[in-house]
Amino acid sequence: MSDYQITTVQPGQRLAILQALKAQTDGKLNENDITNWLDTYGYRLTRDDVRERLRDLEKLDAVRVTFAGGVIMVAELTRRGEDHLERRGAPLVGVARPPRD
């Protein structure tokens, strides 16, 4: 994997996931819906790639991950993830900063 992927593309993908979750009334999406959301922003990821990004965000306490039916990952935005989107507190390492309003 290239440095560009690690330092630029993946942080943007993680930010897009947080933004997708925030756009939901309950702050939750399953991995299939996240994949579709990312597709609209030009991020063509495999299921494994989406799961990896979700695990990355979970390690940062930006999302909480559960499994529906023991198979499908469901991500829920946490306060830490919301703080990042609202530019409160220290930024999350490895997640692009959202643009200023």
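The values are calculated or read from the model by the stated rules, or taken from the named source; none is laboratory data. Note that the structure is a prediction, hence the values are computed from the model and not measured. Here Cβ is always computed from backbone atoms with ideal geometry, including for glycine, and neighbour counts include all displayed protein chains. When the accessible area is computed, the model is the full protein with side chains, heavy atoms only, and any ligands, DNA or RNA have been set aside. Shrake-Rupley method; radii C 1.70, N 1.55, O 1.52, S 1.80 Å.
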Computed over the chain, the relative contact order (Cα-Cα under 8 Å, seq sep at least six) in percent reads 32
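Tell me which trypsin sites (Lys or Arg not before Pro) from region 1-97 have a DSSP coil assignment and no more than 10 other beta carbons within 10 Å of their own.
44
What shape does region 56-101 have by the C-alpha gyration tensor, where a ≥ b ≥ c are the square roots of the eigenvalues, rounded means a/c under 1.5, and otherwise prolate means a/b greater than b/c and oblate the rest?
Working: a/c = 2.79, a/b = 2.47, b/c = 1.13.
Prolate shape, in that a/c is at least 1.5 and a/b is the bigger ratio.
Mind checking the per residue accessible area of the chain for me, 1.4 Å probe, whole number of Å²?
Working: 5890 Å² over 101 residues.
Result: 58 Å² of accessible area for each residue.
Using 0.36 nm per residue, how much length does the chain from residue 76 to residue 44 gain when fully extended, once their Cα-Cα distance is taken away? Don't skip to the end; give the middle numbers.
Numbers: separation 32, 0.36 × 32 = 11.52 nm, distance 2.15 nm.
The residue 76-residue 44 span can extend by a further 9.4 nm.
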For residue 12, the net charge from surrounding residues (Cβ-Cβ under 12 Å; K, R +1; D, E -1) works out to +3
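Ordering 66, 40, 25 by accessible area with a probe of 1.4 Å, largest first, what comes out? Spell out each step's value before the answer.
On the way: 66 75, 40 110, 25 150 Å².
From most exposed to least exposed: 25, 40, 66.
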Per-residue ellipticity at 222 nm attributable to helices in the chain (runs of n ≥ 4 DSSP H, -39500 (n - 2.57) apiece, nearest 500 deg cm²/dmol) works out to -13000 deg cm²/dmol
Excluding ligands, DNA and RNA, the carbon-plus-sulfur percentage of the accessible area of the chain with a 1.4 Å probe reads 49
